[in-house]
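What follows is one structure encoded as structure tokens, with my remarks underneath.
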Amino acid sequence: MKLNQFALSGLIALGSALATGGAAAQQSITVNIGSSHPTANIWAYAMKEVFQPEVDKLLKEGGGKFQIRWRENYGGTLYKFNETRAAVKDGIVDVGMVGTVWENSSMPLQNVTYFTPFATTNHELLIEIFDKLNASHPALRASWTAQNMVPLSSLITDSYDVYANFPVTNMAALQNKKIHAPGTSANWMRDTGATPVEGALTTYYTNIQTGVTQGALSFASGIAPARVHEVAKHLTRVDIGAMYFGSVAANKSFFDKLPKEVQEAFVKAGRATSVAHGKHVTASAARAMDTMRAAGLQVTDLPAAERAKWINGLPDIIGPWLQTTGDAGKSVLRAYFDELRSRGIKPLRDWDKAAR
């Protein structure tokens with residue numbers, strides 16, 4: 001009987017040791033992830049629906065040595081749209097959506113598309129280009145490093161057009177109108193007769209409804225969820241172009257301390273997130289147009305001659321940007337336009353001539 005008791009005690013001890021060893025074999029890592037926008041937004045959607053589960057899948061497939069404990073902070077619970085860079089840079093979140101469109105003074109190189117409108121409407125192609133450039137172009141890499149960040153997945157918009165509470169049948173219709181054009185997109189309104197007004201998708205509806213502004217330069221996948229089409233019932237297609245908006249990025253200090261396997265999972269998940277983001281925006285833009293048309297949105301195209309006036313009438317908006325960014329800016333501009341043309345895209349204005 002005693003032998004059996006000793007044997008039983010030994011088995012219990014062995015089982016406890018094995019259980020303890022098994023638990024120790026899997027390391028739990030807490031990752032704070034967040035955004036200034038809700039997950040219904042096109043930039044935050046893929047973070048929640050693709051990046052997180054893809055990291056989990058990759059780590060599990062790699063042997064399950066590491067497990068992520070996600071602490072989600074979506075929808076602006078920790079910071080607002082104009083604080084995204086600081087939130088990731090300073091470690092308020094470990095991984096977050098960074099809107100470089102709002103950071104022209106701190107991250108001007110990332111805003112090259114906003115200084116080169118009418119380049120391309122192909123947003124999925126734009127993701128490919130900036131995933132490549134952020135990883136390989138020295139000046140862009142250095143810019144992210146200087147901000148204590150590692151870019152993981154490029155974020156874009158579908159093509160910008162004019163949403164307004166009046167029809168835009170020609171360029172003269174824009175005279176003396178106040179149009180939301182956030183950040184550097186205000187440059188697209190220069191010499192058009194309209195006054196650009198700062199704002200974000202979260203502010204357009206109220207401002208247009210109350211008469212503060214009469215419209216916005218924006219994109220279908222953003223306008224429809226924000227219901228801006230309810231107060232701006234006229235869409236004039238101008239095809240100003242898709243824009244590189246920023247990136248899902250990791251705090252570099254945090255990223256550098258992660259085990260190599262986890263770093264690799266983040267990078268691979270970032271690539272998967274880019275692909276999913278592009279497809280999601282394509283589908284979202286199509287659904288948005290169906291929704292808005294059904295709600296009464298009037299859709300017209302700006303006549304070709306009037307569009308040419310807009311394109312060719314813009315002043316040298318790339319010049320001041322190049323003066324600020326110097327040789328690094330010239331290099332990024334050349335690289336961007338070279339990537340466009342190598343993919344068969346012909347920009348409607350050769351902004352890169354200034355950098356050749």
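The values are calculated or read from the model by the stated rules, or taken from the named source; none is laboratory data. A quick note: this is a predicted structure, and the numbers were derived from the prediction, not measured. Neighbour counts run over all protein chains shown; Cβ positions are idealised from the backbone, glycine included.
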When you scan region 268-308, how many residues do you find that are in a helix (DSSP H, G or I), of a type in the set (D, E, K, R) and touching a residue at least 60 places away in the same chain (Cβ under 8 Å)? 6
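Within region 309-355, count every residue that is under 22 Å from Ser106 (Cβ atoms), touching a helix residue (DSSP H, G or I) at 6+ places or on another chain (Cβ under 8 Å) and assigned to a helix (DSSP H, G or I). I'd like the intermediate steps shown before the answer.
Residues of region 309-355 under 22 Å from Ser106 (Cβ atoms): 317-333, 335-336, 355.
If we keep only those that are touching a helix residue (DSSP H, G or I) at 6+ places or on another chain (Cβ under 8 Å) too, we end up with 317-319, 321-322, 324-325, 328-333, 335-336, 355.
Now narrow it down to the ones that are assigned to a helix (DSSP H, G or I): 318-319, 321-322, 324-325, 328-333, 335-336, 355.
Number of matching residues: 15.
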Got a number for residues in region 185-206 being in contact with a strand residue (DSSP E or B) (Cβ under 7 Å, 6 or more places away or on another chain), modelled with pLDDT of 95 or more and not hydrophobic (A, V, I, L, M, F, W, C)? 3
Of the residues that make up region 50-61, is at least one part of a strand (DSSP E or B), buried (at least 16 other Cβ atoms within 10 Å of the Cβ) and among the hydrophobic types (A, V, I, L, M, F, W, C)? no
Would you point out which residue out of Gly246, Gly270 is surrounded by 24 or more Cβ atoms within 10 Å (Cβ to Cβ), out of contact with any Lys or Arg (no Cβ under 8 Å at 6 or more places or on another chain) and more than 30 Å from Ile208 (Cβ to Cβ)? Gly270
Phe166 passes all but one of (1) part of a loop (DSSP other than H, G, I, E, B); (2) closer than 27 Å to Leu340 by Cα; which number fails? (2)
Can you find, within region 221-241, the residue that is surrounded by the most Cβ atoms within 10 Å (Cβ to Cβ) among those that are among the small types (Gly, Ala, Ser) and touching a Phe, Trp or Tyr at 6+ places or on another chain (Cβ under 8 Å)? Ala232
Those residues of region 177-220 that are more than 19 Å from the chain's Cα centre (by Cα), surrounded by fewer than 20 Cβ atoms within 10 Å (Cβ to Cβ) and without any contact (Cβ under 8 Å) to a residue 24 or more places away in the chain come to a total of 6
Select from region 67-95 the residues that are closer than 16 Å to Ala200 by Cβ and hydroxyl-bearing (Ser, Thr, Tyr) and write down the one among them that is surrounded by the fewest Cβ atoms within 10 Å (Cβ to Cβ). Tyr79
For region 160-176, which positions are surrounded by fewer than 19 Cβ atoms within 10 Å (Cβ to Cβ), in contact (Cβ under 8 Å) with a residue 60 or more places away in the chain and out of contact with any Lys or Arg (no Cβ under 8 Å at 6 or more places or on another chain)? Pro167, Thr169, Asn170
Just name the residue that is farthest from Gly329 (Cα to Cα) out of those in region 113-124 that are over 14 Å from the mean Cα position of the chain (by Cα) and of a type outside the set (Ser, Thr, Tyr). Asn122
